[in-house]
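**Q** Provided herewith is a single structure, encoded as structure tokens, for subsequent inquiry.
The values are calculated or read from the model by the stated rules, or taken from the named source; none is laboratory data. Computed from a predicted structure; not experimentally measured. Glycine gets a Cβ as well: all are built from the backbone with ideal geometry, and neighbour counts include every protein chain shown.
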């Protein structure tokens, strides 16, 4: 089989070359990425509804470096020519993968083989392609540099709902650069049309540094990197705007070379041990990324670096040189994110329809209750969002809340400690850890939130993981993770079975959150003068109405019927005021007596005053069914609304 120009995939013909995904056909696709540093195989199942997640059901890597094969130093070897030994090895390897595809029943027309830099430059590429076809029946398609950039960028982009930044891929033979703003029309084609490829891949540059002067090579690299970046800014106004902003640009990295650099950054991270093992989704600030000289010294140290093979560490001086050139070309970098996706993911992503490509992957993640409906999830998400104060951080997106709500009522037959441990690890190292939509920050937020939903009941080793995840998301965000987890725990206490009726939770519970940094502290009130009067007006209470200041008034109200909700970390006088405001509107449901407001109910129960079981204990929340042994049955009414006031953590239900 002779290689022809028809087998080169370009921006003009890639639509016809790709076997498109169809909901009516098989969702199984087999892909081979013949990269310069290794050959990667995968089988993915794009069957709906999880097509957007690009779920991989089989993957394998053959450690055959096609770049090294073109530059062997053995006697008789010819530069840029594959030896017969390598051709035989590669063709047999692909024949094995073809057999695996048959075992998985992948349709023959949905198996694709793509080759990149090494195959583009090989003088006897026809011989390699012919041997592969003879051994496996598979054809080989050579990606043009623009398409290699596009598929690499799309593979990295596939992990996120929206991206806006520079995309770079450092492979064995070349380094690719392009820009993506996924909110722009036709951004995929624009990325390919304007992509640039530079001949400074990790393997290629390593070989060059062995025979050429480092200073001259570095100068050439920096000049080309600067010119390429400046050209990108001229072509893309969005990138120009980022570069001129105070914060700088965002960069997304894929390819083994950049992932190796990310592995050393993670190895030297201030949080140790770093709690998330995968490199995909790992982000650092521009200031941390730019310190390539320190990373170079770290690579020279003895000892294992997780995620770095011996070969990758040998190539690291070349990788650091590429990073140094990038840092000089783009002096203001806001944040960099390392992506696990590459050409294979990009090819799969481009098989999907535009509408599927634009889906947020997070709500599609696995593990939610089978009884959940979209309408009930939406209602529960709205309810949780209503419990967040207006100035809460923006970490809890709709997609993230959707996921945690879907997983709030799962595994109810297990113990809390089992579920807390499972929630902690599933997101960071379990079945969903490598799926799109999960940056390390999102993974940590989900893990901390769902762990809090189960009361954070963990063993010693897992407590260390939890604390490091909290450090990763930050103190303030961690507080809100615990807060939302407590809200979820509270919802399950109110509705132990998943509320399939979208209106049931809304009819049962109402939140009215107020956020303050001084709640619960022994300082002056954070409320401005007249705050309670304004609140009374808001609740249609008459300002002239009497406000109780005696505990006996509340005891009398308890005796007369409704339960009271007091969720205030404030002095008892104000608690009385809130209680009466609740009572005026006949609100029922939960009592919370704060630590500065603790009284005995002996007058209601007729039992001795010293028995703590007949107190409403501080900082605990009592549903009415828990008060049956204290209050007379006649006083228990069906809960209608529960109003949450203040920043008290809702726990110990």
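**Q** Just give me the residues in segment 419-441 being assigned to a helix (DSSP H, G or I), under 16 Å from residue 159 (Cβ atoms) and modelled with pLDDT under 90, in sequence order. Talk me through it step by step, then tell me what you get.
**A** Step one: filter segment 419-441 for residues assigned to a helix (DSSP H, G or I), giving 419-429, 440-441.
Add one more test, that the residue is under 16 Å from residue 159 (Cβ atoms), and what stays is 427-428, 440-441.
Those that are assigned to a helix (DSSP H, G or I), under 16 Å from residue 159 (Cβ atoms) and modelled with pLDDT under 90: 427, 428.
**Q** OK, next. Given the conditions (1) within 19 Å of residue 133 (Cβ to Cβ); (2) within 30 Å of the chain's Cα centre (by Cα), report the number of the one that residue 63 does not fulfil.
**A** (1)
**Q** Look through 57, 86, 64 and report the one residue that is part of a strand (DSSP E or B), surrounded by fewer than 22 Cβ atoms within 10 Å (Cβ to Cβ) and in the same structural domain as residue 133 (by TED's automatic domain parsing). Working first, answer last.
**A** Details: 86 fails: part of a strand (DSSP E or B); 64 fails: part of a strand (DSSP E or B).
Only one candidate passes the filter, namely 57.
**Q** Take the residues in segment 404-436 that are over 21 Å from residue 471 (Cα atoms) and within 11 Å of the chain's Cα centre (by Cα); name whichever of them is surrounded by the most Cβ atoms within 10 Å (Cβ to Cβ). Steps first, answer last, please.
**A** Let us first name the residues in segment 404-436 that are over 21 Å from residue 471 (Cα atoms), namely 405-419, 431-432, 434-436.
Keeping just the survivors that are within 11 Å of the chain's Cα centre (by Cα) gives 432, 434-436.
Working: 432: 20, 434: 16, 435: 22, 436: 27.
Among those residues, the one meeting the criterion is 436.
**Q** Sticking with this structure for a sec: Hey, residue 33 hits all of (1) surrounded by fewer than 24 Cβ atoms within 10 Å (Cβ to Cβ); (2) in contact with a strand residue (DSSP E or B) (Cβ under 6 Å, 6 or more places away or on another chain); (3) not in a loop (DSSP other than H, G, I, E, B) but one; which does it fall short on?
**A** Only one criterion in (1) surrounded by fewer than 24 Cβ atoms within 10 Å (Cβ to Cβ); (2) in contact with a strand residue (DSSP E or B) (Cβ under 6 Å, 6 or more places away or on another chain); (3) not in a loop (DSSP other than H, G, I, E, B) is unmet by residue 33, namely (1).
**Q** What's the total number of residues in segment 318-333 that are assigned to a helix (DSSP H, G or I) and either crowded, with 17+ Cβ neighbours inside 10 Å or not assigned by TED's automatic domain parsing to the domain that holds residue 177 (or both)? Lay out the reasoning, then the answer.
**A** Initially, segment 318-333 is screened for residues assigned to a helix (DSSP H, G or I), giving 318-329.
Subset that is either crowded, with 17+ Cβ neighbours inside 10 Å or not assigned by TED's automatic domain parsing to the domain that holds residue 177 (or both): 318-327, 329.
Of the residues in that region, 11 qualify.
**Q** Still on this structure: Could you please let me know if residue 117 is over 30 Å from residue 398 (Cα atoms) and surrounded by 24 or more Cβ atoms within 10 Å (Cβ to Cβ)? Talk me through it step by step, then tell me what you get.
**A** Numbers: over 30 Å from residue 398 (Cα atoms): yes; surrounded by 24 or more Cβ atoms within 10 Å (Cβ to Cβ): yes.
Here the answer is yes, as residue 117 does meet what is asked.
Yes or no, residue by residue, for (1) at pLDDT 95 or above; (2) at positive phi; (3) touching a strand residue (DSSP E or B) at 6+ places or on another chain (Cβ under 9 Å):
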| residue | (1), (2), (3) |
| --- | --- |
| 222 | yes, no, no |
| 226 | yes, no, no |
| 232 | yes, no, yes |
| 242 | yes, no, yes |
| 251 | yes, no, yes |
| 255 | no, yes, yes |
| 268 | yes, no, no |
| 281 | no, yes, yes |
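**Q** Determine, yes or no, whether residue 49 is touching a residue at least 40 places away in the same chain (Cβ under 8 Å) and exposed (fewer than 14 other Cβ atoms within 10 Å of the Cβ). Steps first, please.
**A** Numbers: touching a residue at least 40 places away in the same chain (Cβ under 8 Å): yes; exposed (fewer than 14 other Cβ atoms within 10 Å of the Cβ): yes.
In short, yes.
**Q** I'd like the full set of residues that are in a helix (DSSP H, G or I) and without any contact (Cβ under 8 Å) to a residue 60 or more places away in the chain, limited to segment 172-207. Show your work before the answer.
**A** Our first condition is that a residue be in a helix (DSSP H, G or I); within segment 172-207, this holds for 187-193, 202-207.
Selection gives 187, 190, 191.
**Q** When the residues of segment 458-498 are filtered to those that are modelled with pLDDT of 90 or more and either at positive phi or not in a helix (DSSP H, G or I) (or both), which remaining residue is surrounded by the most Cβ atoms within 10 Å (Cβ to Cβ)?
**A** 458
**Q** In this structure, does residue 182 turn out to be touching a helix residue (DSSP H, G or I) at 6+ places or on another chain (Cβ under 7 Å) and at pLDDT below 90? Break it down into steps so the answer makes sense when it comes.
**A** Values: touching a helix residue (DSSP H, G or I) at 6+ places or on another chain (Cβ under 7 Å): yes; at pLDDT below 90: no.
No: the conditions fail for residue 182.
**Q** Inspect segment 91-105 for any residue being part of a loop (DSSP other than H, G, I, E, B) and either in contact with a helix residue (DSSP H, G or I) (Cβ under 8 Å, 6 or more places away or on another chain) or at pLDDT 90 or above (or both) and give the result as yes or no.
**A** Residues of segment 91-105 that are part of a loop (DSSP other than H, G, I, E, B), as a first pass: 104-105.
Pick out the ones that are also either in contact with a helix residue (DSSP H, G or I) (Cβ under 8 Å, 6 or more places away or on another chain) or at pLDDT 90 or above (or both) and you get 104-105.
Yes: segment 91-105 contains one or more residues that are part of a loop (DSSP other than H, G, I, E, B) and either in contact with a helix residue (DSSP H, G or I) (Cβ under 8 Å, 6 or more places away or on another chain) or at pLDDT 90 or above (or both).
**Q** For segment 378-398, which positions are crowded, with 18+ Cβ neighbours inside 10 Å and touching a strand residue (DSSP E or B) at 6+ places or on another chain (Cβ under 9 Å)?
**A** 383, 384, 387, 388
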